[in-house]
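Accompanying notes for the structure given below.
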C-alpha cells in the first residue's frame, strides 16, 4: 500500500509528462521515498485502483478536450488537489476544461525544461514539501543591495516568502534576533558572494547559523571574484562579467532565471535533510525510553509503539511551528484515520524568545495536537502518557 499517490491525467501526447516523472523520481529519492513502495504514479484507468487513504495529488495536462474529465472531477469532489497545466503554444481558456479553470494552474516553459517548478508544486500538494516557501537572502548592502532587492521581488512573484533585512524588520524590533529567527524558518539561503561578503561579522554569523540548522545554501558568486574557502560548502552559481549591469547593479534575466530555478530545486533537498535530522534525533530519543519506531505513515508521520504498547504518531516538522502548522498536523492525522493524539516534533534552536512563549501558549490552548521540542522528546513523550 502506497503512502502517496501521484495522478497524471489529461493529454498524454506531451513529452513533458515523461520529464515530470523523471524529476519527481529524483526529488522522491532526496526524500528517501521509492517509487512503487511508498509512492505510486497513476494514469487514466489505473486511477480506480488508488488507495483512498493515501495522500493524493493530481496534474492535468491540457490540450485534449474530454480526456479524463470524469476522473479528475471525481478527484476534486473527493477533496484532492489538482494542478491544471498548459505547455508552450497553449492557453488556459482554450486547452483546460471549463470545470478546472477556477483552479490556479502552471504553465510549463522552456526556462524550466525539467519541470522543477511543477514537481515542487505537486509535492507540496501531497504534503511532502511544506507549503510555506521561505527564502533568506544574505548579502552585503554596500555591494549587492540592488541585486538583493531584485531577487526579493522575483522570488516573491514565484510564491516565496522572502526575508530581506531592509524590507522585513519593523522599527523598534531587535534586528539580529528577528533576522536569525527568520533564518531558522527558511528553506534556502541565497548568499550573494561579493568580494567583501566573507569579511563581515554579520554575514559570517548568517552563514554559520544556516549551516548549523542544516539549511541548504545557494552561493551566487560575483564576476571576477574568488570566493572564500569559508563558503565552499554551498551549491554554487558563478556569474559572468555580463551577468551584472554596471549601470543598475541588477542581475540580467538569463542569470536570474538560473538562480530562481536553482532555489526551487535546492529547496526539496534542504527540507529533506532537515526532516531526516529531526526524525533521527527523535528515533534516538525513543530508543532511550525503550519505545519502538515502527515505520513511516502518510504526510511524514512516524509510527511509534511505547513501552505500554500504546501507538502514537509523531510528525517531524521543518521550520518554526505556527497555529496553521498545528492545524495541518491535526487534519493530516484525521485524514489518515490515525488513532491517538498526534504529536508535532520540531527543532527549537534559534527561535525567538517571544515566539517560543507564543508556542507554549498555543500548545496549552490547542488540545487536539501537541507540540514537542525534539531535544525534549523522550521526557515529554513519557509525561504525555504515551
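Read-outs throughout are calculated quantities, based only on the coordinates presented, and are distinct from any laboratory measurement. These figures come from a predicted structure and were not determined experimentally. A quick note on method: Cβ atoms are made from the backbone with ideal geometry, for glycine too, and the neighbour counts reach across all protein chains shown.
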Restricted to the chain, the DSSP antiparallel beta bridge percent, nearest 5, is 15 percent
Per the rule of 0.36 nm per residue minus the C-alpha distance, extending residue 294 to residue 34 adds in nm 91.8 nm
Listed residues 187, 347, 153; largest mean-square fluctuation, Gaussian network over the chain with Cα springs below 10 Å, found at 153
Here the relative contact order (percent) of region 134-269, from C-alpha pairs under 8 Å and at least 6 apart, is 26 percent
The extension gain from residue 311 to residue 225, computed as 0.36 nm times the residue separation minus the Cα-Cα distance, is 25.4 nm
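Could you grab the relative contact order for region 289-383? Cα pairs under 8 Å, six or more apart, rounded to a whole percent. Mind dumping the intermediate values first?
Working: 133 pairs, mean separation 22.2, N = 95.
That works out to 23 percent.
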Between residue 114 and residue 362, the two model label points (7 Å from Cα along the beta-carbon direction) sit apart by a distance in nm of 3.3 nm
The chain: spread of alpha-carbon positions along the three principal axes, whole Å, largest first, is 60, 57, 35
When 230, 183 are arranged by how many other beta-carbons sit within 10 Å of their Cβ, fewest first, they go 230, 183
By the Cα gyration tensor axes a ≥ b ≥ c (a/c under 1.5 gives rounded; else a/b larger than b/c gives prolate, otherwise oblate), the shape of region 302-351 is oblate
Ranked from fewest to most other Cβ atoms within 10 Å of their own Cβ, 4, 379 fall in the order 379, 4
Taking r as the C-beta separation of residue 247 and residue 204 and R0 as 25 Å, the FRET efficiency to the nearest 0.05 is 0.25
With label points set 7 Å from each Cα along the Cα-to-Cβ direction at residue 74 and residue 349, the distance between them in nm comes to 4.9 nm
per DSSP, antiparallel bridges as share of beta bridges in region 134-269, % nearest 5, sits at 5 percent
Listed with the fewest Cβ neighbours within 10 Å leading, 17, 283, 265 appear as 283, 17, 265
If the chain between residue 240 and residue 13 were fully extended at 0.36 nm per residue, the gain over the current Cα-Cα distance would be 77.9 nm
per DSSP, antiparallel bridges as share of beta bridges in region 211-353, % nearest 5, sits at 55 percent
Binned at 10 Å starting from 0, the alpha-carbon pair-distance distribution of region 15-171 in whole percents comes out as 9, 32, 32, 17, 8, 1
Dividing the mean separation of Cα pairs under 8 Å (6+ apart) by the residue count of the chain yields a relative contact order in percent of 12 percent
